[in-house]
Amino acid sequence: MRWSQFVEKECVNMDTGEKLGTFHRSDLVIDQQTGEIQKILLPLGNSIFRRNTPELSLSWSTIQKIGPELVIVQQRVHSSES
């Protein structure tokens, strides 16, 4: 799957049923040695400037299912500010 297809999907927390947003403004943390995605940093809120915007750090291992319209994650830890 291409990143351009992934970013349009809605992210939903399996534990709470909460919609977390889409991935179009998110950042990736990639392991430089292996090239694997370690985390996705999903900004919460709608700030264009991204200053002091809380982010949700999703470990790649929290992704449970990638469907045609949704990405379902199991995330117990809530937002952390960077």
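Any read-out appearing in this document is the output of simple, stated calculations on the displayed coordinates, not a laboratory observation. Because the structure is a prediction, the values reported are computed rather than measured. Note that we place each Cβ from the backbone using ideal geometry, even for glycine, and neighbour counts take in every protein chain shown.
Once you charge only the Cβ atoms, +1 for Lys and Arg and -1 for Asp and Glu, what is the size of the charge dipole of region 3-73 about its Cα centre, to the nearest 20 debye?
So the dipole magnitude of region 3-73 works out to roughly 200 debye.
Quick query: amide H of residue 75 versus all other amide H atoms, modeled in the peptide plane; which residues come in under 5 Å with a sequence gap of 5 or more or a different chain?
Close amide H contacts, sequence-distant or interchain: 14, 15.
Please find the FRET efficiency linking residue 28 to residue 5, where r is the Cβ-Cβ separation and R0 is fixed at 22 Å, and quote it to the nearest 0.05.
Computed FRET efficiency for residue 28 and residue 5: 0.90.
Give the long-range amide H neighbours of residue 23: residues separated by 5 or more places, or on another chain, with amide H under 5 Å away, using H modelled in the peptide plane at 1.01 Å from N.
9
Just to compare against my own numbers: the Cα pair-distance distribution for region 3-73, 5 Å bins, whole % per bin, please.
The calculated distribution, bin by bin, is 3, 16, 26, 27, 17, 9, 2.
Convert each backbone phi in region 60-75 into a coupling constant with the Karplus relation 6.51 cos²θ - 1.76 cosθ + 1.60 (shift: θ = phi - 60°), then list the ³J(HN,Hα) values in order as whole Hz, x for Gly and Pro.
Result, ordered by residue: 4, 6, 7, 6, 9, 7, 10, x, x, 10, 10, 10, 9, 10, 10, 10 Hz.
Working out 0.36 nm times the residue gap between residue 16 and residue 60, then minus their Cα-Cα distance, what length gain in nm do you get to one decimal?
14.0 nm
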